[in-house]
Amino acid sequence: MIKLVLSIRSFDIGGAERQFIELVKHIDKTKFDVIVCTMYGGVQEDIIKNIPNISYYNLNKKGRYDFIDFYQNYKKLLNKIKPDAIYSFLGEMNLFSLWCKPKDTKIIWGFRASNMDLKKYGIVPQILFWLQKKFSCRVDKIIANSNASIKFHKNQSFFMDKAVVIYNGIDTDRFKKDEEKRKEFREKYNLNENDIAIGIVARIDYMKGYTIFVESAKTILQKYDNLKFFSIGSGDEYIKKECENILGEFNNTKFIWLGNKKQVEDFYSGFDISSSSSFGEGFSNSIAEAMSSEISCVVTDVGDSKMIVGECGIVVKPNNVDELNNGIEELLKKDLKKLGICSRKRVIENFSIANMVNKTEKEIVKCVE
């Protein structure tokens, strides 16, 4: 049996965290002795605690600048565990897992991002990015969730010779159309049979293109009476305020801010169209989850988004209000039900959890052998 540490910064809401949790749930516990480590815990920590046949350690890092104590505690734990391999997610945990691992332990880094404009994220993320670049040559394997991520990191001079792509896995049993939830949603927000609900599911962040999305929403709402827009996600309050100013009279009337939602699948069932307006993505969970829920998507051509939607949605240029307008209007003219069926079929065939887990297991085994 392979002794495997799976480590991540926290269990707050996010795409990387969802993928991590699905991996912990479904990895073969007869082949892997699974030990989960986190820096901070988070709102989804109870999900991890309730997964059977794993060991769990919250290292309780005391804030961003708690380097020395955390390093010592993590190193002590790893020396006690003596894992065969560590598979870590995201920058901070990638670096500490490399620095703290026992000598003979194999180290695998998980990369999730592409096309990042680091100038928008402050000095600490820039330092973490630079350090990962410098130490990437010492890693036994890198698993990226998109081709775009590998291309981006290569262009940034990371050592990517040992990198492989494993696409995210979507829980198609969780993310599926629920007619009862659809009815509840549409009654709550006063949507009749002919009304179209258009949603965005993303944290409020510079890279997600929220201002582009709301500019497009405002333009389209001035032309159509039967549309209502919804945002699921929280984040930068400055960006949200800017968006509210753009929307004007439509804010909280025709454009509804729903904030974070744990049961996001219930809301997908109420949507008719889902939009991704990002200008930086790797593999977008929100696109694939919407598709799995039989929702047709209009997405910007960033990361692997075009590959994800295939022939089942509309792809537009990023960072362009007119392009997004045209994409949404083109989708409004199509058979949304037919595109939704096409979307779910594509996710089941290409982006299942089973595919993600099986490929991950094989890469870990190859790394250890």
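The values are calculated or read from the model by the stated rules, or taken from the named source; none is laboratory data. As the structure is a computational prediction, the values presented were derived from the model and not from experiment. Every residue, glycine as well, gets a Cβ built from its backbone with ideal geometry; the counts of neighbours run over all protein chains shown.
Observations on the structure shown:
- Residue match in region 152-175 (condition: basic (Lys, Arg), in contact (Cβ under 8 Å) with a residue 24 or more places away in the chain and assigned to a helix (DSSP H, G or I)): no
- Those strands (runs of 3 or more DSSP E) of region 182-281 in which 3 or more residues are at pLDDT 95 or above and farther than 19 Å from Ser292 by Cβ occupy 227-232, 255-259.
- Options Arg112, Arg138, Arg174; residue that is of a type in the set (Lys, Arg) and at pLDDT 95 or above: Arg138
- Tyr40 within 23 Å of the chain's Cα centre (by Cα) and farther than 28 Å from Asn355 by Cα: yes
- Candidates Val36, Val24: the one that is in contact with a helix residue (DSSP H, G or I) (Cβ under 7 Å, 6 or more places away or on another chain) and either in a strand (DSSP E or B) or not assigned by TED's automatic domain parsing to the domain that holds Glu92 (or both) is Val36.
- On inspection, Met1 does not qualify as within 30 Å of Ala288 (Cβ to Cβ) and either polar (S, T, N, Q) or in contact (Cβ under 8 Å) with a residue 24 or more places away in the chain (or both).
- Residue count for region 44-84 under the criterion of being assigned to a strand (DSSP E or B) and within 24 Å of the chain's Cα centre (by Cα): the result is 4.
- Lys133 meets all of the listed conditions (1) crowded, with 17+ Cβ neighbours inside 10 Å; (2) more than 18 Å from the chain's Cα centre (by Cα) but one, namely (1).
- Flag for Phe152 being at pLDDT 95 or above, of a type in the set (A, V, I, L, M, F, W, C) and either more than 18 Å from the chain's Cα centre (by Cα) or not assigned by TED's automatic domain parsing to the domain that holds Asn226 (or both): no
- Search result, residues across region 275-317 that are of a type in the set (D, E, K, R) and more than 16 Å from Asn168 (Cβ to Cβ): Glu294, Asp301, Glu311, Lys317
- Residue pairs meeting the criteria (Cβ under 6 Å; at least 6 apart or on separate chains; first in contact (Cβ under 8 Å) with a residue 60 or more places away in the chain and under 16 Å from Lys337 (Cα atoms), in region 269-292; second in a helix (DSSP H, G or I) and among the aromatic types (Phe, Trp, Tyr)): Gly270/Phe185; Ala290/Tyr268
- If only residues of region 189-207 that are of a type outside the set (A, V, I, L, M, F, W, C) and closer than 23 Å to Gly340 by Cα are counted, the one that is nearest to the chain's Cα centre (by Cα) is Gly199.
- Candidate set from region 136-151 (those that are outside any helix (DSSP H, G or I) and in contact with a Ser or Thr (Cβ under 8 Å, 6 or more places away or on another chain)); member that is surrounded by the fewest Cβ atoms within 10 Å (Cβ to Cβ): Ile143
- Counting the residues of region 152-168 that are touching a strand residue (DSSP E or B) at 6+ places or on another chain (Cβ under 6 Å), buried (at least 16 other Cβ atoms within 10 Å of the Cβ) and not β-branched (Val, Ile, Thr) gives 1.
- Pairs with Cβ under 6 Å, 6+ apart, first in region 87-104 and part of a loop (DSSP other than H, G, I, E, B), second charged (D, E, K, R) and buried (at least 22 other Cβ atoms within 10 Å of the Cβ): Leu90/Arg9
- Of the residues making up region 292-343, not one is of a type in the set (D, E, K, R), part of a helix (DSSP H, G or I), in contact with a Lys or Arg (Cβ under 6 Å, 6 or more places away or on another chain) and closer than 20 Å to Gly270 by Cβ.
- Meets criteria (assigned by TED's automatic domain parsing to the domain that holds Met207, without any contact (Cβ under 8 Å) to a residue 12 or more places away in the chain and hydroxyl-bearing (Ser, Thr, Tyr)) for Tyr238: yes
- Exclusive hit being more than 20 Å from the chain's Cα centre (by Cα), surrounded by fewer than 16 Cβ atoms within 10 Å (Cβ to Cβ) and charged (D, E, K, R), set Lys337, Lys262: Lys337
- Condition check for Lys228: surrounded by fewer than 19 Cβ atoms within 10 Å (Cβ to Cβ) and either out of contact with any strand residue (DSSP E or B) (no Cβ under 8 Å at 6 or more places or on another chain) or not hydroxyl-bearing (Ser, Thr, Tyr) (or both): no
- In this structure, Lys181 does not qualify as surrounded by fewer than 22 Cβ atoms within 10 Å (Cβ to Cβ), touching a strand residue (DSSP E or B) at 6+ places or on another chain (Cβ under 9 Å) and farther than 24 Å from Val365 by Cβ.
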